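The values are calculated or read from the model by the stated rules, or taken from the named source; none is laboratory data. Source: prediction; values computed, not measured. Virtual Cβ from ideal backbone geometry, glycine too; neighbours counted across all protein chains shown. The area values use the complete protein model at the heavy-atom level, side chains included, leaving out ligands, DNA and RNA. Shrake-Rupley method; radii C 1.70, N 1.55, O 1.52, S 1.80 Å.
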Amino acid sequence: MSEPENAGGVPRSRPDGLAPVLVSAGAILVVVAWLLVRGDDELFFGYVGGPIAMAAGAYACLRIARVRLPRPVHRFWRRMTLVGVFLLVAALVAMLRANNDTGMSLHVAVPTLAGLGLLMFTFLALPGRQKTPAALLRAVLDGLTVAVASALIFWYVVLDLAPEGTSLAARLVAAVVGVGGVLLLVTVGKAAAAPDTAVDGTALRVLTAAPVACVATTILMIAGDDRSRMALSVLVLPIVGAALAVSAYLQRRALDHPAGQPVPASNRSLFNLLPFAAVAATAGLVISVSAQDMSGRQRTVIIGALLIAGCVVARQLLSLRENTLALRGIRRQQDELERLALSDNLTGLPNRARFTVALAERIEDDRPAAALLIDVDDFKMINDTLGPAAGDQLLFQVAQRLRAQCTAGEMPVRLGGDEFAVLLPTDDPAAAEAAAGRALQALADPFTVGEQHLLVHASAGIAIAETGATADEVLRNADIAMYAAKEAGKASWARFEPRMRQDMVNHAMLAGELRTGIARGELRLLYQPIYDLVTGRLHGAEALVRWQHPERGFVSPADFIPVAERTGLIVPLGAWVLREACSQLARWRATYGDGTVESVNVNVAVRQLREAGFVDEVAAVLSETGLSPRNLIIEVTESSVVDGWQVRETLRALHEMGVPLALDDFGTGQSSLSLLRAFPVDVLKLDKSFVDGIAEGADRGRLAVAAAVAQLAEHLQLKAVAEGIENQEQLNRLRDMGYRYGQGFFMARPLPADDYAALMAADPVRA
């Protein structure tokens, strides 16, 4: 039976994923218990735990190798399965040859060495390791250093400690396995300590138990007493099998919980010190041998010490050469880094740091200076529509034009994003204003980006450096003036005046009070009734937020909504409006029945649509209030729809959920007709400016637009709603055009919830 898979295609662990770990742990416990109560003639039963634990470890590796994994990880665990098979063979041979003899039998050593060699190759083949010739040579020298040192220690120290009468072949075989274990310890340790590995880092660190157990066992098999030799002989393979099982289980858990990646190990690993430890150990041997008469074996120690010293010197020379090359590269890069630190990579202009330094120098030297801050209008829309590459091309061309129009002494810079600045060597307001006009005029001609011809405008702010001001203050003042130019209609410039700072302070104060007002419940909702123009019956309501400030009194939405949008408070404010409107509709429908009001319209700002969790928030509110998606209509403006891909994805998700979408103020945007094809709209709301012009003798152009919108809605099977109806004549004309629904002061003004409820209580419910 195949294992269940999660959304990522990775099978979920079932409870029996721990079975191999429990089996191997049980085998270790059984062996420990046997060691405590064993008899002299029951050695066979002590070795039974090895095959059991090793079989469990191999099976665990096989299971994880069958999971859908990245290719390097799959290859790693497939090889680990073969390692487990080789060591299982060694465990079976050891069980059949159960003894407590000194040294190691060649029959056990052959499959053991095969398993150790494959394990070493498996770790060396892990991805992410450096494959340069220098790195490979360094690894060979490290391995040779450790191998020679460990071989000398086994030959000169460990073998001499073996009991008399021990077979030289058995001792040598055990020593060879021990040296292999030391090499494996270095290999596994470095892989486990690597900062980035394809295989789970914790699983790799668990596998270091295998070489540690191997080295300890081989030493005791040669130089240990009967009791210690027996203990490790029967425990080593169960420990290795348990390590395989546990590491496979940790790898499975890492796949089941990808969010919790293991913490990478530090690069400063003790395993990197092993070559130097080998040198130190060999130096100690040389000192002890030099104090005695030289024998053949002692001469071997001296030769080995020279080999180790040669390897270490060669490695250090290699490192020295690499360091020399690195230093040369650093020197070559210093000048480039200094240039990059003060310039913009994309445009080649000086950057913000260079601008700030130059402006500060002019101010400190009491030289005249002014900052001209320029921001490309609606650049985000261009970047999202045509792509980042086209946006970069446009910014490069803007930089070229700014550089070309600058006169002597002026320094154009790119501050970041679509913001540019020009450092002006003047404190004359007229000269600074002339420079601003010249810069905006240079950007007024169409730009050619690829095959597109783009008409781009920019807004600019001017700030004169006053006595005692800092560079940051001047730049901040220019930024305030630039935003004033944008609020005045864009494509223009404004010179900083002290009142602008006060306006910003008032804006900040209003934002703080608005945040407090939301928390204190100072805001309330009014409901503008929407009527069926044919039957005159109440159809729905549009929720409109109002703010009754305890000190300011009534604060117009035209004042606090822009503040909320600029500061991000529109997100909590919009969340409150959504929840309150849906809750009120649920109460009305519970009191007056489902047939009274079909839906409530809620206006949503573009900042809310950019929030990743907005769709989930809407779903949660509908679920909590017991409403269906059809009971909520989300109203958005045309500018919101063209804001970018993130907003479009949010709107598509809402539409797929079943929430109707209304395009508010239809006809006032730049691309109304194209939006009907790309945007999943359900409702068109004709802007009040067109409703004003449909009475007798009014603007025939507006009348034609209103009629065209009604026909579009009919052909596209959309609901058409007319806004701002103020008299009977407008209502009749709209109804004749085909508008089924409408709202306006003629039918009803925005009402508190209780007054709106009174309308629903009327029978029949009519305007």
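Descriptive notes on the structure:
- For the stretch 117-128, residues that are touching a residue at least 60 places away in the same chain (Cβ under 8 Å), open to solvent by 60 Å² or more (accessible area, probe 1.4 Å) and hydrophobic (A, V, I, L, M, F, W, C) total 1.
- Selection status of residue 538, open to solvent by less than 30 Å² (accessible area, probe 1.4 Å), among the aliphatic types (A, V, I, L, M) and in contact with a strand residue (DSSP E or B) (Cβ under 8 Å, 6 or more places away or on another chain): yes
- Taking the stretch 446-485 as the range and being open to solvent by less than 30 Å² (accessible area, probe 1.4 Å), assigned to a loop (DSSP other than H, G, I, E, B) and more than 29 Å from residue 388 (Cβ to Cβ) as the test, the residues that pass are 465, 469.
A quick yes/no check of all residues on (1) open to solvent by 20 Å² or more (accessible area, probe 1.4 Å); (2) in a strand (DSSP E or B); (3) more than 18 Å from residue 354 (Cα to Cα):
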site	(1), (2), (3)
375	no, yes, yes
384	yes, no, yes
395	no, no, yes
413	no, yes, no
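- Residue 519 being within 30 Å of residue 740 (Cα to Cα) and without any contact (Cβ under 8 Å) to a residue 12 or more places away in the chain: no
- Residue match in the stretch 376-383 (condition: modelled with pLDDT of 85 or more, in contact with a strand residue (DSSP E or B) (Cβ under 6 Å, 6 or more places away or on another chain) and more than 17 Å from residue 456 (Cα to Cα)): no
- Filter result for the condition that a residue is touching a Lys or Arg at 6+ places or on another chain (Cβ under 7 Å) and open to solvent by less than 10 Å² (accessible area, probe 1.4 Å), over 602, 621, 571: 621
- Residues in the stretch 494-523 that are under 26 Å from residue 576 (Cβ atoms), open to solvent by 40 Å² or more (accessible area, probe 1.4 Å) and outside any helix (DSSP H, G or I): 521 only.
- Among residues of the stretch 592-604 that are touching a residue at least 12 places away in the same chain (Cβ under 8 Å) and closer than 18 Å to residue 578 by Cβ, those with a Cβ under 8 angstrom from a residue that is of a type outside the set (Gly, Ala, Ser) and loosely packed, with under 15 Cβ neighbours inside 10 Å, sequence gap 6+ or separate chain, pair up as 598/630; 599/630.
- Some residue of the stretch 470-482 being in contact with a Leu (Cβ under 8 Å, 6 or more places away or on another chain), more than 15 Å from residue 559 (Cα to Cα), among the small types (Gly, Ala, Ser) and at pLDDT below 90: no
- The lone exception for residue 640 - which of (1) modelled with pLDDT of 85 or more; (2) closer than 19 Å to residue 575 by Cα; (3) open to solvent by less than 20 Å² (accessible area, probe 1.4 Å); (4) not in a strand (DSSP E or B) it fails: (1)
- Residues located in the stretch 695-734, provided they are touching a strand residue (DSSP E or B) at 6+ places or on another chain (Cβ under 8 Å) and of a type in the set (D, E, K, R): 714, 719, 723
- Pick from the stretch 397-411, criterion in contact (Cβ under 8 Å) with a residue 24 or more places away in the chain and among the small types (Gly, Ala, Ser), ranking: most open to solvent (accessible area, probe 1.4 Å): 404
- Qualifying positions in the stretch 211-228 - part of a helix (DSSP H, G or I), open to solvent by 10 Å² or more (accessible area, probe 1.4 Å) and not β-branched (Val, Ile, Thr): 213, 214, 216, 220, 221, 223, 226, 227, 228
- Against the numbered list (1) modelled with pLDDT of 75 or more; (2) open to solvent by 40 Å² or more (accessible area, probe 1.4 Å); (3) at negative phi; (4) not charged (D, E, K, R), residue 348 comes up short only at (3).
- Hits in the stretch 734-747 (condition: open to solvent by 60 Å² or more (accessible area, probe 1.4 Å) and within 16 Å of residue 703 (Cα to Cα)): 735, 736
- Check on residue 239, open to solvent by 40 Å² or more (accessible area, probe 1.4 Å), touching a residue at least 24 places away in the same chain (Cβ under 8 Å) and under 48 Å from the mean Cα position of the chain (by Cα): yes
- One residue from 627, 661 being modelled with pLDDT of 90 or more, touching a Phe, Trp or Tyr at 6+ places or on another chain (Cβ under 9 Å) and closer than 22 Å to residue 743 by Cβ: 661
- Of all residues in the stretch 478-488, one or more are charged (D, E, K, R), without any contact (Cβ under 8 Å) to a residue 24 or more places away in the chain and either in contact with a helix residue (DSSP H, G or I) (Cβ under 7 Å, 6 or more places away or on another chain) or more than 16 Å from residue 405 (Cα to Cα) (or both).
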